[in-house]
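The values are calculated or read from the model by the stated rules, or taken from the named source; none is laboratory data. Quantities reported herein were computed from a predicted structural model and do not represent experimental measurements. Because the Cβ atoms are built from the backbone with ideal geometry, glycine has one as well, and the counts that use them run over all protein chains shown.
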Ligand code: FPP
Ligand code: MG
C-alpha cells in the first residue's frame with residue numbers, strides 16, 4: 001500500500017503521540033508507547049488525512065484529528081484485548097499480558113479521555129459530535145457482541161449490524177471528518193461517510209476471515225481467537241446455514257465448550273472450508289469495497305482519491 005503522498009503527515013501524527021502521552025504518571029506513556037509504536041497499520045489516520053486533502057484542507061488540524069482518531073482506536077484495542085483475553089497484538093505481547101488488565105483498561109480510559117480533551121481544544125462542535133456519536137455506537141456494538149457471545153443463532157443481519165457499529169463507524173468518522181475540515185457540502189460529506197462505512201465493513205469481514213485462515217506470524221495475533229471466545233462471525237454463520245444438522249450440533253458443542261483444543265478448531269475450519277464460508281465472506285467484502293469506491297465517484301479525480309481507492313482494495317488483499 002503506497003501512502004507516500006501523506007508520508008510527512010503520517011510522521012507528524014506519530015510524532016504527536018509522545019506529546020499527547022505525557023503525564024505525571026510514567027505508566028501511561030509506557031503502555032501507550034508499547035501499543036502505539038508496535039506497527040499498527042494507521043488506516044484511520046491515513047483515511048482522515050487523505051479525505052481532508054481531497055476535500056481541499058491541508059492545515060494542521062488534520063494532523064491533530066488523525067492523532068485523535070488513532071488514540072481512540074488504541075483505547076478501544078486496549079479494552080478489547082482485555083475483553084477478548086487476547087495475549088498477542090501486532091506480533092507483541094498484548095498490554096494486558098505485560099501489565100495486567102487493570103492497567104490496560106485504565107490507560108485505555110486515559111487515551112479515550114485525552115482524545116476528547118484534544119477535540120475540545122480544537123473547538124469544532126461538528127467534529128465533536130461525529131466522534132461522540134461514533135464512540136457511543138462503537139461501545140454499543142462491542143456490548144452487542146458480548147451479548148451475542150456463544151449464540152449460534154445470530155443472524156447475518158445482527159452480525160452486519162454489530163460489525164458496522166464496532167468497526168465501521170469509527171472508520172467512517174475518520175473519512176467524514178476530512179470532509180468537515182474541508183467544509184464540503186452535505187452531499188460530499190455523506191459520500192465520504194459512506195465510503196468509510198463500506199470499507200469499515202469490508203475491513204471487519206476480512207478480519208473475521210483472517211481469524212480462520214491466517215498464521216499467527218503473519219497476522220501478529222493468535223488465530224482462532226474468535227471461536228475460542230465464542231464469537232460467531234460471518235464465515236461460520238454462512239457455513240451453519242448450509243451445514244448438515246449433525247455438523248451444526250458438533251459446532252454448537254465446540255462453541256459452547258469451556259476450552260477449544262487445536263483439533264476442534266481445525267474441525268470447525270474444515271466445515272467452513274466445505275461450505276465456502278470464507279469465500280462467501282470475502283465476496284461480500286469485495287462488494288462493499290466496490291460500493292465504497294462508487295461513493296468516491298463524486299469527488300475530484302486527484303492523487304488522494306486514487307490512494308483512497310487503493311486503500312479500499314488493500315483492505316481485501318491484506319494478510320494482516
Ligand atoms: C476489535 O474487534 C475491537 C473493536 C473494533 C472495538 C472495541 C471497542 C471496545 C472495547 C469498547 C469501547 C471502548 C472505548 C474506549 C470507547 P476484534 O476483537 O474483532 O478485533 P481483533 O481481532 O483485532 O481483536
Ligand atoms: Mg479482539
Those residues of region 62-98 which are free of Cβ contacts under 8 Å to residues at least 60 places away in the same chain, under 12 Å from residue 118 (Cβ atoms) and within 12 Å of ligand 1 (Cβ to nearest atom), in sequence order = 71
task = Examine region 50-70 for a residue that is under 11 Å from the mean Cα position of the chain (by Cα), away from ligand 2 (no atom under 16 Å from the Cβ) and at pLDDT 95 or above, and state whether such a residue exists.
result = yes
inquiry  = Quick check on residue 163: is it within 12 Å of the chain's Cα centre (by Cα), closer than 28 Å to residue 62 by Cα and within 9 Å of ligand 1 (Cβ to nearest atom)?
reply    = yes
In region 299-308, the residues that are in a helix (DSSP H, G or I), over 18 Å from the mean Cα position of the chain (by Cα) and surrounded by 14 or more Cβ atoms within 10 Å (Cβ to Cβ) = 304, 305, 306, 307
Complete set of residues in region 226-247 that are surrounded by 16 or more Cβ atoms within 10 Å (Cβ to Cβ) and assigned to a helix (DSSP H, G or I) = 226, 227, 228, 234, 235, 236, 237, 238, 239, 240, 247
task = Kindly check whether there is at least one residue in region 33-45 that is more than 13 Å from ligand 1 (Cβ to nearest atom) and more than 21 Å from residue 220 (Cβ to Cβ).
result = no
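Residue-wise test of (1) free of Cβ contacts under 8 Å to residues at least 60 places away in the same chain; (2) under 24 Å from residue 73 (Cβ atoms).
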{"site": "200", "(1), (2)": "yes, yes"}
{"site": "208", "(1), (2)": "no, yes"}
{"site": "212", "(1), (2)": "no, yes"}
{"site": "220", "(1), (2)": "no, yes"}
{"site": "227", "(1), (2)": "yes, no"}
{"site": "233", "(1), (2)": "no, yes"}
{"site": "238", "(1), (2)": "no, no"}
{"site": "255", "(1), (2)": "no, no"}
{"site": "266", "(1), (2)": "yes, no"}
request  = State all residues of region 135-157 that are in contact (Cβ under 8 Å) with a residue 12 or more places away in the chain, in a helix (DSSP H, G or I) and away from ligand 1 (no atom under 14 Å from the Cβ); if no residue qualifies, say none.
outcome  = 156
